[in-house]
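Enquirer: Provided herewith is a single structure, encoded as structure tokens, for subsequent inquiry.
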Amino acid sequence: MIQQNYTLRKRQFRNLSKRINGLMKSQRWQELTGEQRKQLTGRLHKLFRQINSLFTKRELRKVLAGAAVLLGLSGNMQAQDFAAPLTNPFNLAPVIDLSIPSLVDIDADGDLDMFVVEYGYSATSMVFFRNEGTAANPVFGKPEKNPFGFASNSEYYIFPAFADLDDDGDQDIISVGYTYGTGVGIFYHENTGTANAPAFGPEQTNPFGVQLLPYSIQPAMADIDGDGDLDLLIGGMRYDYGAYEYLGELSYFENTGTPAAANFAGLVSTLVDTSPVTYFVFPEFGDLDGDGDMDILTGSYYGSLHYFENTGSTMMPAFGAVQTNPFNLANPSTEFTLPALGDIDDDGDLDLFVGGYYGNVEFYENLDIDVSIDDPEDAPGFNIFPSPADKLLTIEIDDTQFAEAQLSIFNELGAIVKAELVNTTQKTLDIGELPAGFYIVKIQTEERQMTRKLVIQ
């Protein structure tokens with residue numbers, strides 16, 4: 001009987017925390033009367049005192065999320081918690097001098113592969129490590145230099161970003177490089193193959209009209225304004241004549257074209273104040289706080305990692321002040337840190353790889369599963385099947401309060417690739433036009449949201 005009571009209390013605590021988080025996310029918490037908020041907070045405190053010893057700290061993070069502030073625990077309830085770094089895990093091999101990692105499912109087999117640009121005075125190459133394991137248990141194969149016909153005229157360095165820039169379902173490459181005599185340039189390699197069998201065409205110089213700033217170096221791509229196409233962010237630095245020093249700078253180029261015909265002709269703004277960071281910044285996009293919009297994590301010349309939380313929304317981004325080495329991240333053991341985010345172990349959260357000097361890649365496992373990815377098993381929610389899916393996907397809602405909701409499917413870069421209104425408890429979608437890869441399916445009402453991971457093969 002005692003065990004049954006504790007099980008009941010845990011379930012009540014989970015459901016109450018979820019209800020409060022839903023109210024907070026939808027701004028309805030502030031619409032409650034003071035007495036209503038007091039009653040909900042009192043119930044949460046009472047249940048917490050009864051059962052907190054039954055949860056690990058990690059479980060409490062997942063269950064409480066934003067409601068932790070009502071218990072005075074918000075300082076210890078970070079969105080993510082990263083393990084100590086491992087060097088060259090999953091059979092990765094070191095490369096020459098500076099390592100610049102990128103994670104992408106280049107062959108559309110449902111797991112993440114890795115490209116590492118090696119930059120040294122003797123050579124600059126794109127090194128490919130195919131994931132020969134699985135989505136949950138990666139094992140990287142032997143390194144292949146300049147695979148799939150990739151060739152670059154950049155002589156000094158290549159900083160790439162992978163994205164589907166022509167909306168044909170495969171991964172292209174946009175990069176910043178340096179050539180003696182002409183200096184810094186931006187380049188494009190179209191994937192003229194397929195999602196399963198990539199083949200990179202000849203290098204094109206700046207076909208998208210990007211107006212590079214003098215010290216540009218690292219591109220990153222995501223749908224930062226929620227309009228369905230990919231925008232461009234380029235990290236670099238600028239010289240501050242007042243301070244007599246170089247400061248980090250991020251340049252934001254809104255895609256004013258379409259998903260199939262990108263155009264980055266206009267520099268919108270610097271978007272984020274990275275001036276507290278000295279010298280170069282190297283950006284990477286990722287939803288690190290689980291609120292559905294894209295945050296920014298940057299590496300730096302001197303080695304620290306810097307986090308800029310998106311305090312705005314998916315359509316109107318606004319970034320907060322810099323946080324250095326957040327989420328219990330240990331300071332990398334190298335200078336010139338270059339981050340790459342991806343769910344390498346298929347557990348629903350973003351793990352971190354960091355390249356740098358000396359040719360190694362450090363891996364930081366994300367120990368926490370974001371609460372917005374999978375709901376507690378004893379809470380009502382929704383299911384998707386089959387997964388992996390091919391042409392059809394069925395959404396099954398097992399809670400009547402979700403009988404009318406907005407359904408959105410996001411790709412790996414945060415772009416909405418399909419959106420529909422759901423007003424029945426079961427709906428089948430035609431997803432035949434979506435390319436193979438990883439996706440997030442989100443159901444959202446005025447009160448709460450739930451998400452599920454989807455693999456399309």
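The values are calculated or read from the model by the stated rules, or taken from the named source; none is laboratory data. Source: prediction; values computed, not measured. Reconstructed Cβ throughout: ideal geometry from the backbone, glycine too, with neighbour counts over all protein chains shown. Side chains included, ligands, DNA and RNA excluded: accessible areas come from the protein's heavy atoms. Shrake-Rupley method; radii C 1.70, N 1.55, O 1.52, S 1.80 Å.
Residue by residue, here is whether (1) β-branched (Val, Ile, Thr); (2) under 21 Å from the mean Cα position of the chain (by Cα) holds:
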site	(1), (2)
234	yes, yes
263	no, no
295	no, yes
326	no, yes
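Enquirer: Taking the stretch 154-177 on its own, how many of its residues are touching a strand residue (DSSP E or B) at 6+ places or on another chain (Cβ under 6 Å) and over 17 Å from residue 116 (Cα atoms)?
Expert: Result for the stretch 154-177: 2.
Enquirer: Output the residues belonging to the stretch 155-180 that are without any contact (Cβ under 8 Å) to a residue 60 or more places away in the chain and open to solvent by less than 10 Å² (accessible area, probe 1.4 Å).
Expert: Of everything in the stretch 155-180, those that are without any contact (Cβ under 8 Å) to a residue 60 or more places away in the chain and open to solvent by less than 10 Å² (accessible area, probe 1.4 Å) turn out to be 158, 172, 173, 174, 175, 176, 177.
Enquirer: Hey, can you tell me all the residues within the stretch 245-264 that are touching a strand residue (DSSP E or B) at 6+ places or on another chain (Cβ under 6 Å) and within 30 Å of residue 168 (Cβ to Cβ)?
Expert: Matches in the stretch 245-264: 250, 251, 252, 253, 254, 255, 264.
Enquirer: Those residues that are within 24 Å of residue 213 (Cα to Cα) and of a type in the set (Gly, Ala, Ser), I need them from the stretch 161-170; list them, please.
Expert: 161, 163
Enquirer: Now for a different question. Is it the case that residue 267 is crowded, with 21+ Cβ neighbours inside 10 Å, in contact with a strand residue (DSSP E or B) (Cβ under 9 Å, 6 or more places away or on another chain) and of a type outside the set (Lys, Arg)?
Expert: No; evaluated as a whole, the condition is false for this residue.
Enquirer: Given the conditions (1) within 23 Å of residue 443 (Cα to Cα); (2) in contact (Cβ under 8 Å) with a residue 60 or more places away in the chain, report the number of the one that residue 311 does not fulfil.
Expert: Only one criterion in (1) within 23 Å of residue 443 (Cα to Cα); (2) in contact (Cβ under 8 Å) with a residue 60 or more places away in the chain is unmet by residue 311, namely (2).
Enquirer: Another question about this same structure. Answer with yes or no whether residue 135 is part of a loop (DSSP other than H, G, I, E, B), over 19 Å from residue 173 (Cα atoms) and among the small types (Gly, Ala, Ser).
Expert: Spelling it out, residue 135 is indeed part of a loop (DSSP other than H, G, I, E, B), over 19 Å from residue 173 (Cα atoms) and among the small types (Gly, Ala, Ser).
Enquirer: Here's something else I'd like to know. Based on what the data block shows, is residue 211 exposed (fewer than 14 other Cβ atoms within 10 Å of the Cβ) and polar (S, T, N, Q)?
Expert: Judged against the criteria, residue 211 is a match.
To keep it simple, each residue is scored yes or no on (1) under 25 Å from the mean Cα position of the chain (by Cα); (2) over 30 Å from residue 340 (Cβ atoms); (3) at pLDDT below 85; (4) surrounded by fewer than 20 Cβ atoms within 10 Å (Cβ to Cβ).
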site	(1), (2), (3), (4)
379	no, yes, yes, yes
388	yes, no, yes, yes
394	no, yes, no, yes
397	no, yes, yes, no
404	no, yes, yes, yes
409	yes, no, no, no
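Enquirer: Assuming residue 183 fulfils every condition listed in (1) open to solvent by less than 30 Å² (accessible area, probe 1.4 Å); (2) within 26 Å of residue 335 (Cα to Cα); (3) modelled with pLDDT of 90 or more apart from one, which condition is it?
Expert: (3)
Enquirer: When you look at residue 94, is it over 19 Å from residue 203 (Cβ atoms) and touching a helix residue (DSSP H, G or I) at 6+ places or on another chain (Cβ under 9 Å), yes or no?
Expert: Criteria met by residue 94.
Enquirer: All but one of (1) free of Cβ contacts under 8 Å to residues at least 40 places away in the same chain; (2) in a loop (DSSP other than H, G, I, E, B); (3) open to solvent by less than 10 Å² (accessible area, probe 1.4 Å) hold for residue 106, so report the exception by its number.
Expert: (1)
Okay, residues lined up against (1) aliphatic (A, V, I, L, M); (2) open to solvent by 30 Å² or more (accessible area, probe 1.4 Å):
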| residue | (1), (2) |
| --- | --- |
| 256 | no, yes |
| 286 | no, no |
| 305 | yes, no |
| 308 | no, no |
| 316 | yes, yes |
| 337 | no, no |
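Enquirer: Name the single residue, out of those in the stretch 171-200 being under 29 Å from residue 213 (Cα atoms) and part of a loop (DSSP other than H, G, I, E, B), that is farthest from the chain's Cα centre (by Cα).
Expert: Restricting to residues being under 29 Å from residue 213 (Cα atoms) and part of a loop (DSSP other than H, G, I, E, B), the top hit is 181.
Enquirer: Could I ask something else about it? Have a look at 443, 384 and point out the one that is open to solvent by 10 Å² or more (accessible area, probe 1.4 Å), modelled with pLDDT of 80 or more and either part of a loop (DSSP other than H, G, I, E, B) or of a type in the set (A, V, I, L, M) (or both).
Expert: On the way: 443 fails: open to solvent by 10 Å² or more (accessible area, probe 1.4 Å).
From the options 443, 384, the qualifying one is 384.
Enquirer: Of the residues 286, 235, 312, which is more than 30 Å from residue 86 (Cα to Cα) and either modelled with pLDDT of 90 or more or not aliphatic (A, V, I, L, M) (or both)?
Expert: The unique qualifying residue is 312.
Enquirer: Among the strands (runs of 3 or more DSSP E) contained in the stretch 254-359, which hold 2 or more residues that are of a type in the set (S, T, N, Q) and within 30 Å of residue 89 (Cβ to Cβ)? Give the derivation first.
Expert: Numbers: elements: 267-269, 281-286, 295-300, 306-308, 338-342, 351-355.
So the answer is 295-300.
Enquirer: Here is a further query. Does the stretch 66-88 contain any residue that is over 30 Å from residue 143 (Cα atoms), surrounded by 15 or more Cβ atoms within 10 Å (Cβ to Cβ) and either modelled with pLDDT of 65 or more or among the aromatic types (Phe, Trp, Tyr) (or both)?
Expert: yes
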